[in-house]
Amino acid sequence: MFRIGSLAAVIAVLLSQWAASVDAQVIPLYLDASTYERLGLEEVWSTQIQMDAGQSDVAGVRLQVVGVDSYESLQSTSQNIYEVTYGDRIRRFGENDLNAAGLPHGRAEAERLAEKFVIQLKARGIDAKLSVRQTPLVLMYVQSSRGGLHALNAETGATLWSIGVGSQRQPTLRPAANDRYVAAVSGSKLYLLNRLTGETIWDRELGLNPIFGAAISSTHVFVPSARGHLEAYSLPDENSDHATTPPWIYHSGSRITAMPLVTSHTLSWPTIQGLMFVADVAGPTLLYRHQTGAPIWGEAVQLPPSSLLVSSSDGYLSAINEMDGEIAWSFTTGDEIEAGPLLSGARIYQATKPGELFCIGAEQGEERWVIKGVKQILSVGVDRVYVLDMQQRIVAIDGETGRRLASMPAAAYDEPLTNGVTDRMYLMSHDGALQCLREIGAAFPTIARPLPISPEEAAKAQAAEADDGSDESMDAGDD
């Protein structure tokens, strides 16, 4: 006769075998330091975004460099880092470093701690030097599918605030942020929040069904719709909160296919008909429409000082003048393109649908190198490009030659981010596990876009440009 105890023992053995087989397939989320070091990386921080277990996923992520709206804003929001150099060592004291109570030190306390450390070193007969450098504040906004919006310091992983936006039953889209506000879309509503606190300033019913999320300038929030319209809502100013001001509406004539790009001068968005619409960011004026030969699936990218990069699905990447659309150069990959390019200094990286990655010179549009087997670009460091390959591995590539240097598994991260904002790598899973990696020793983030300069520096640059122009005119006259 078969005993119940025997049955229980058999079940226990089967369960243990099943668990062992599952454990053998599990890939750890966080790897050991030596694995990262092979790729020239080190872990900066890791965290878990709070979500409803089994009910909520990551709906959208946005990185923001605070202070790009103006030089004054950059000066007031940048963090002071006090560096104490002694021998071949450096110790840093940042105003955003946390104290024992979990609160930021603040600028005065960070400076006091640095000066105290210098005094302690000199008392021990060690020569020490104190210097100060500014680094912009970089933030990350993570939107969950059930309305949770989380603001994090992208350099430390510290959560600044977390709030619920809209109804948990409504779909949520990617947020946007400028130096003062955060814009979030839930269902058919647009929410404007205080960037510092997450407090709701106003919410508005959108006129059309939104897609992709919000884009934002210093004066307006832009929301594309599924029917090819783009709504522009005024932000609060000294005269009004503009909670009821009617929006501008741009008509595209066909489906918008990617998030709009906002620069200090223009607003641009692509369509399924292969048109890139470019408008004046300050007012409802369409500047031009750039025609490509096929649908455009990726966002445009700004190429400083005055160009836009546009990729179309027929394999072409073009650099066009931001203000009039004149083509500076075009490059063909020969294969379908589904995502926009990534710009890093003098190099442009463009991936194709079949998995080729092209490195292209930003000035002339010439091919530098090409490799195969790339699924997604993740980030770009000083000398290396980091990509996700077709086997879900992170691969470090020599930026100069395209040679593969090392790889590591990344299957546990099913939502890795493409970071074209800084040199950091952010790996994420759909349930909110998040990790930040950086190149070894890269204590400060490298910002991809130019930052505002002081009025004095701007005047010097304009004077130098005017001198160059007059010299060219004189040379032409001599001929």
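The values are calculated or read from the model by the stated rules, or taken from the named source; none is laboratory data. Since the model is a prediction, treat every value here as computed from it, not as a measurement. Using ideal geometry, Cβ is built from the backbone for each residue, glycine included, and neighbour counts are taken over all protein chains shown.
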Q | Pairs with Cβ under 6 Å, 6+ apart, first in the range 356-368 and in a loop (DSSP other than H, G, I, E, B), second surrounded by 19 or more Cβ atoms within 10 Å (Cβ to Cβ) | A | Ala362/Ile348; Gly365/Phe331
Q: With respect to Ala176, determine if the residue is over 25 Å from Gln435 (Cα atoms) and either under 19 Å from the mean Cα position of the chain (by Cα) or of a type in the set (A, V, I, L, M, F, W, C) (or both).
A: no
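Table: residues versus (1) of a type in the set (A, V, I, L, M, F, W, C); (2) free of Cβ contacts under 8 Å to residues at least 60 places away in the same chain.
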| position | (1), (2) |
| --- | --- |
| Leu98 | yes, no |
| Ala101 | yes, yes |
| Ala110 | yes, yes |
| Glu115 | no, yes |
| Leu121 | yes, yes |
| Arg124 | no, yes |
| Asp127 | no, yes |
Q: Check the range 252-264 and report whether any residue there is touching a residue at least 40 places away in the same chain (Cβ under 8 Å), polar (S, T, N, Q) and farther than 18 Å from Asn321 by Cα.
A: yes
Q. Has the range 84-100 got at least one residue that is out of contact with any helix residue (DSSP H, G or I) (no Cβ under 8 Å at 6 or more places or on another chain), part of a helix (DSSP H, G or I) and hydrophobic (A, V, I, L, M, F, W, C)?
A. no
Q | Enumeration of residues in the range 425-442 that are surrounded by fewer than 20 Cβ atoms within 10 Å (Cβ to Cβ) and among the hydroxyl-bearing types (Ser, Thr, Tyr) | A | Ser429
**Q.** Checklist (1) under 22 Å from the mean Cα position of the chain (by Cα); (2) assigned to a strand (DSSP E or B) applied to Gly157, failing item
**A.** (2)
Q. If you check every pair at least six apart or on different chains, which have Cβ atoms under 6 Å apart with a residue in the range 265-281 that is without any contact (Cβ under 8 Å) to a residue 24 or more places away in the chain first and a residue that is of a type in the set (Lys, Arg) and assigned to a strand (DSSP E or B) second?
A. Leu275/Arg289
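Per-residue answers, yes or no, for (1) at pLDDT below 90; (2) crowded, with 16+ Cβ neighbours inside 10 Å; (3) polar (S, T, N, Q); (4) more than 23 Å from Ser73 (Cα to Cα):
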{"site": "Lys116", "(1), (2), (3), (4)": "no, no, no, yes"}
{"site": "Ala123", "(1), (2), (3), (4)": "no, no, no, yes"}
{"site": "Tyr141", "(1), (2), (3), (4)": "no, yes, no, no"}
{"site": "Thr159", "(1), (2), (3), (4)": "no, no, yes, no"}
{"site": "Val165", "(1), (2), (3), (4)": "no, yes, no, yes"}
Q | Of all residues in the range 187-230 being under 19 Å from Arg62 (Cβ atoms) and of a type in the set (D, E, K, R), the one that is surrounded by the most Cβ atoms within 10 Å (Cβ to Cβ) | A | Arg195
Q: Specify which of the listed residues (Ser218, Ser225) is of a type in the set (Gly, Ala, Ser) and over 21 Å from Leu139 (Cβ atoms).
A: Ser225
Q) Scanning for something in a strand (DSSP E or B), touching a Leu at 6+ places or on another chain (Cβ under 7 Å) and without any contact (Cβ under 8 Å) to a residue 60 or more places away in the chain, does the range 300-309 turn up at least one residue? A) yes
Q) If you take the residues of the range 372-424 that are hydrophobic (A, V, I, L, M, F, W, C), within 17 Å of Glu338 (Cα to Cα) and in contact with a Lys or Arg (Cβ under 9 Å, 6 or more places away or on another chain), which of them is surrounded by the fewest Cβ atoms within 10 Å (Cβ to Cβ)? A) Met390
